[in-house]
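The structure under discussion appears below in the form of structure tokens.
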Amino acid sequence: MKILVPIKRVVDYNVKVRVRRDGGGVETAGVKMSMNPFDEIAVEEALRLREKGVASEILTVSIGVPQAADTLRTALAMGADRAILVQSEESPEPLAVAKILKILVDREKPDLVILGKQAIDDDMNATGQMLAGLLDWPQATFASRVEKTADGLAVTREVDGGSETLALALPAIVTADLRLNEPRYAALPNIMKARKKPLETIAATDLGIDLTRRLAILSMAEPPARKAGIKVGSVAELVEKLRNEAKVI
Amino acid sequence: MTALVLLDAEDGTIPQTSRSAIAAAASLGDIDVLVTGGPDTIAAAAASAAKIPGIRKVRTASGEAFAHGLAEPLAALLVALAPDYDHIVAAATAIGKSTLPRAAALLDVQMIPDVMEIRDSQTFVRPVFAGNVLVTLRSSDAKKLLTIRTASFDPVAAEGGAAPIEALTPPDGQQKSRFVSAEHSSTERPQLEAARVIVSGGRGLQSAEGFKILEPLADRLGAAIGASRVAVDSGFVPNDYQVGQTGKIVAPDLYIACGISGAIQHLAGMKDSKVIVAINKDEEAPIFQVADYGLVGDLFQIVPALTAALG
């Protein structure tokens, strides 16, 4: 089985983001960038399927600025076999990303695409589902467990009331939730080896996809900060405040 | 203008989250709702939906394919109905989040998730970066597909309407995914998204056994029980208890955070609560920066004392 894992370069999850003064985006100058954490989980799941003998080849793809090549090298150091960078000036919207990925799927013919369920920058939670729609493939979002079965995959998903298991025919799309696995760190020798692994670069504009944004950003702002309240000294004081001041009990 | 709201009605009832989605759509013109489900539940679900005030028409699709909210048949159905509507709306629940992007791609639309404010028919506010930034977006798509952050909209009433019901013939499609089983957490408590009071626990509860200390307090307050990501990852409680950026987004009248430090991801899920109480032994914990009332100390003493004091 061949697995495709699309990954995104995002502001590191430990960074406290700041809106740019012009309100058109967030500060990225000098800010640490990393692989989207849900995408790390997706890469890890592909590696585990290979270690179980289910997968034979793992291809990783990123769409974005030239520095996204660093993110791809991280995936290669974790153990992916080869990488494709689809270079574009900015990060396209999920619909455009899904269209680009469809072209790559048509070319590379993977049996399974595993994506992070959402990127922690735009929190769109859309690319996997959109790609599944464009390909007319079955999908299992928010996966917490993936198992190969005789005729496809059994995927356990985290849903509102607990969890549920779906059976999917292959080829299929899976999106990774938090508890699917704990991604490995790339060991230094593997980081060195990753430099020699194949990384192909394609210009997004050569793929014939319209990257024009459908959603114009009118403004970005930090939400009004919630004011810290007071510390109370005892349970009795807390109950008194909740009853007589906040009036919520 | 006309909007179609997809309801989560698979169990034969209409949840509060779906009624919040209807409330959000109220400014978008006439509202039809789409109710789907298996042959056993569809009649009850349709009857419940018809009672919601302000609905022009209840449209129903039933069959085994719709019994479990699978995204593939639901998206195909939305695509088939799309020509009748300017907006297609759903609550940002597991089904809405799985289905609407798929339908949007088939309609060549960039869908807009987690909408918390509708400025006008094409302008929407949504959170990004775990709720640390709010972005105002204007869609240039002819049709708009939205999921709604339900905590941002008070639900419409459940009763008072009498909308007509129209049964649809769903499009044929080959099923490539199949429901196998569900492991639902059974609880007598209110749903997290619908609860007026939430008692929530984190790392400070120390174990699944320790977590049980919250139950008498939740019983006393008629509260739902929530948890931080750490508490879920550590196996204290099931995944559907998680409140936060990647869990449930809640905005109850009262949120009592016990032994929760207040990571950004958690705050993203609860900071719109009307009143926040934090109980934590670490007086430097970030949760105190958003709490209206903080109590520093050992929760294993404070929580039972609070329960007793409310008694």
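Bear in mind these aren't lab numbers, they're just calculated from the coordinates by the rules spelled out. Fair warning: this is a prediction, and the values are worked out from it, not measured in the lab. Reconstructed Cβ throughout: ideal geometry from the backbone, glycine too, with neighbour counts over all protein chains shown.
Some notes on this structure:
- Cα pair count fraction exceeding 13 Å, expressed as % - the range B:22-96: 68 percent
- Dipole magnitude (debye, nearest 20) for the range B:3-152, charges at Cβ of Lys, Arg, Asp, Glu: 380 debye
- Over 23 Å between alpha carbons, listed pairs A:LYS99/B:LYS143; A:LYS2/A:LYS102; A:LYS102/B:LYS176; A:LYS102/B:LYS97; A:LYS148/A:LYS193; A:LYS8/B:LYS97: A:LYS148/A:LYS193
- Look at where the Cα atoms of the range B:247-310 and of the range A:50-122 average out, and the two centres are 39 Å apart.
- Relative contact order of chain B, pairs being alpha-carbon contacts under 8 Å that are 6 or more residues apart, as %: 15 percent
- Gap separating the Cα centres of the range B:127-164 and the range A:137-171, nearest whole Å: 28 Å
- Solvent-free Debye scattering, log10 I(q)/I(0), computed from the Cα coordinates of the range A:129-249 at q = 0.12, 0.14, 0.21 Å⁻¹: -0.92, -1.00, -1.13
- Contact order relative to length of chain A, as percent, for alpha carbon pairs under 8 angstrom and 6 or more apart: 23 percent
- Selected from B:ALA151, B:GLY161, B:GLN16, residue furthest toward positive end of dipole (chain B; charges at beta carbon): B:ALA151
- Residue of B:SER273, B:SER261, B:SER140 that the Gaussian network model of chain B assigns the largest fluctuation, springs spanning Cα pairs under 10 Å: B:SER140
- Mean separation of Cα pairs under 8 Å and 6 or more residues apart, divided by the residue count, gives the range B:2-167 a relative contact order of 31 percent.
- Environment charge at B:PHE300 (Cβ cut-off 12 Å; Lys +1, Arg +1, Asp -1, Glu -1): 0
- Remark: the range A:34-130 is approximated by an ellipsoid whose semi-axes, taken from the C-alpha gyration tensor as √(5λ), come to 20, 15, 14 Å, largest first.
- Over the residues of chain A, the helix contribution to mean residue ellipticity at 222 nm works out to -7500 deg cm²/dmol, using -39500 (n - 2.57) for each DSSP H run of at least 4.
- Among B:VAL237, B:VAL135, B:VAL33: highest mean-square fluctuation, GNM of chain B, C-alpha pairs under 10 Å: B:VAL135
- Between A:ALA167, A:ALA132, A:ALA236, the residue with the greatest mean-square fluctuation in the GNM of chain A (Cα pairs under 10 Å linked by springs) is A:ALA236.
- Hull volume per residue, based on the alpha-carbon atoms of the range B:2-167 and their convex hull, is 96 Å³.
- Inter-chain Cβ neighbour count for A:130-143, averaged per residue, equals 6 (cutoff 10 Å, partner chain atoms only).
- Principal axis dimensions, chain B - Cα atoms, whole angstrom, descending: 59, 41, 39
- Hz values of 3J(HN,Hα) by residue in the range A:19-30 - Karplus curve (6.51, -1.76, 1.60), Gly and Pro given as x: 6, 4, 4, 7, x, x, x, 10, 4, 10, 5, x
- Computed from the alpha carbon atoms alone, the convex hull of the protein assembly as shown holds 152 Å³ per residue.
- Shape of the range A:1-48, Cα gyration tensor, a/c cut at 1.5: prolate
- The Kirkwood hydrodynamic radius of the range B:192-310, based on inverse pair distances between different Cα atoms, is 13.5 Å.
- Lysines with Cα under 28 Å of B:LYS212, excluding same-chain neighbours fewer than 8 positions away: A:LYS231, A:LYS241, A:LYS247, B:LYS248, B:LYS271, B:LYS274, B:LYS281
- Computed label-point distance, nm, for sites A:LYS16 and B:GLU183 using a 7 Å Cα→Cβ extension: 3.9 nm
- In chain B, helical runs assigned H by DSSP with n ≥ 4 each contribute -39500 (n - 2.57); averaged across all residues and rounded to the nearest 500, the mean residue ellipticity at 222 nm is -7000 deg cm²/dmol.
- Per-residue HN-Hα couplings for the range B:231-241 [Karplus 6.51, -1.76, 1.60; θ = phi - 60°; Hz; x = Gly/Pro]: 5, 6, 4, 7, x, 5, 9, x, 4, 6, 7
- Antiparallel %, DSSP beta bridges [both residues in the protein assembly as shown], to 5: 35 percent
- Alpha-carbon radius of gyration plus Dmax, which is the widest Cα pair, for the range A:103-162 in Å: 12.7, 39
- Looking at the range A:6-163, the DSSP beta bridges with both ends there are about 60 percent antiparallel.
- For the peptide A:239-246, the mean number of other protein chain Cβ atoms found within 10 angstrom of a residue's Cβ is 4.
- Aspartates and glutamates whose Cα lies under 17 Å from that of A:LYS197, excluding same-chain neighbours fewer than 8 positions away: A:GLU57, A:ASP70, A:ASP81
- Estimated Rh, the range B:100-209: Kirkwood, alpha-carbon pairs, angstrom: 18.8 Å
- DSSP-loop GluC sites (Glu not before Pro) across the range A:64-154, with at most 13 other Cβ within 10 angstrom: A:GLU89, A:GLU90
- Alpha carbon Rg of the range B:90-154, scaled by the compact-globule rule 2.2 N^0.38 Å: 1.05
- Backbone HN-Hα couplings from phi across the range A:195-202 [Karplus 6.51/-1.76/1.60, Hz, Gly and Pro as x]: 5, 9, 6, x, 9, 9, 10, 10
- Its convex hull of Cα atoms gives chain A a direction-averaged projected area, equal to a quarter of the hull surface, of 18.2 nm².
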